[in-house]
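S.K.: Here you go, one structure.
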Ligand code: PMP
């Protein structure tokens, strides 16, 4: 743990230290196998336990109902932008809420495959808000309704589960997976790229209701076919073996720490500490509208580009990293996922106060 710094990266991001230490301890000889997980056949008994164990712990932590399947897929979250329409479009209609860059990218991809209706968009306000239920215009005959549950770049988050009636809701939870309890039965499918709150890059986890799979398309690429992936236990070909193993360790850590309730409590604490401070001063301005603020990515600026640059440089000198905001928003962004200790947030706020005193 020596020399580790507070890393506010939006992803890949900080991992829980006990997870890294466990992986290090098992690196050269996993469970008496005489080899690293990286060196092992994915068709071995050892690996069976890992891939099934990863599903079991996720199912326990989220209380995932029996009629949902868990899939591990490659291509990150972006591959799901294509896989979702290819698998879930039956009549060829789908509705999207466009609340940020990744929702927009998903929408653009889906447009290649069918008739896509925009159910709501905050693009004209540079994605500073998430729609309220009454702002959603969802077609009752859409095959699915798509949202991005947490908008990593803009620092906004859906604080409710959208109700689309009989239309299944699909949610990209890449940047808030494992951060709060979710009633999975309110969604047709959720998915997440792993590299923020679940493990290293290289995979996406898909949790999907069984009846939404298997709508046969003649030209379906094999690796995007949810039904095939479910039938093959995510091993049609070689899966991202080490990423799945790390995701298992992270999810076990979540369970040991008290599960999703505990993660939610910590996320509320971390984010409210930062937002309370932002609201107490005129020096910094939060980028997102208050009702839509994310518990995971806190975006703010001083209002002066030169001062923002100075802030970022001095934060690096103070031993923090990755506080620079995304170019679409500017300013600063503190990504505070599960692995960020409360002390890291305290340290950042302390730094912000000093910077304010020295520069106002
Ligand atoms: N969705 C969200 C919410 C994201 O934050 C990101 C990545 N930052 C993506 C999708 C794209 O993920 P990937 O790089 O794994 O394709």
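Read-outs throughout are calculated quantities, based only on the coordinates presented, and are distinct from any laboratory measurement. The structure presented is a predicted model; accordingly, all values stated were derived computationally and were not measured. Here the Cβ positions follow ideal geometry from the backbone for every residue, glycine too, while neighbour counts run over all protein chains shown.
S.K.: Let's test the formula: R0 of 25 Å, r as the Cβ-Cβ distance of residue 304 and residue 276. What FRET efficiency results, to the nearest 0.05?
M.R.: Calculated transfer efficiency: 0.65.
S.K.: Under the 0.36 nm per residue contour assumption, what length would be gained going from the current alpha-carbon distance of residue 43 and residue 232 to full extension?
M.R.: 66.9 nm
S.K.: Run lengths n ≥ 4 of DSSP H only: what is the helix-derived mean residue ellipticity at 222 nm for the chain, with -39500 (n - 2.57) per run over all residues, to the nearest 500?
M.R.: The helix-only estimate for the chain comes to -11000 deg cm²/dmol at 222 nm.
S.K.: Obtain the nm distance between the two label points defined at residue 159 and residue 124 by a simple spin-label model: each point lies 7 Å from its Cα along the Cα-to-C-beta direction.
M.R.: Modelled inter-label distance: 2.4 nm.
S.K.: Go ahead and run the numbers for FRET between residue 66 and residue 115, Cβ-Cβ distance against an R0 of 45 Å, rounding to 0.05.
M.R.: Calculated transfer efficiency: 0.85.
S.K.: Sticking with this one: For residue 132 and residue 183, compute 0.36 nm times the residue count separating them, minus their Cα-Cα distance, and round to one decimal in nm.
M.R.: Length difference between fully extended and current span is 16.5 nm.
S.K.: Taking neighbour counts of Cβ atoms within 10 Å as a proxy for exposure, in what order, fewest first, do 274, 20, 269, 323 appear?
M.R.: In increasing order of surrounding Cβ atoms, one gets 269, 20, 274, 323.
S.K.: Restricting the calculation to Cα positions, tell me the Rg (one decimal) and the Dmax (whole number) of the chain in Å.
M.R.: 20.7, 64
S.K.: Could you give the distance between the Cα centres of the range 15-55 and the range 187-252, to the whole Å?
M.R.: 19
S.K.: With 10 angstrom as the radius, rank 306, 346, 2, 252 by how many other C-beta atoms surround their C-beta, starting from the fewest.
M.R.: Ordered from fewest to most neighbouring Cβ atoms within 10 Å, 306, 346, 2, 252 come out as 2, 306, 346, 252.
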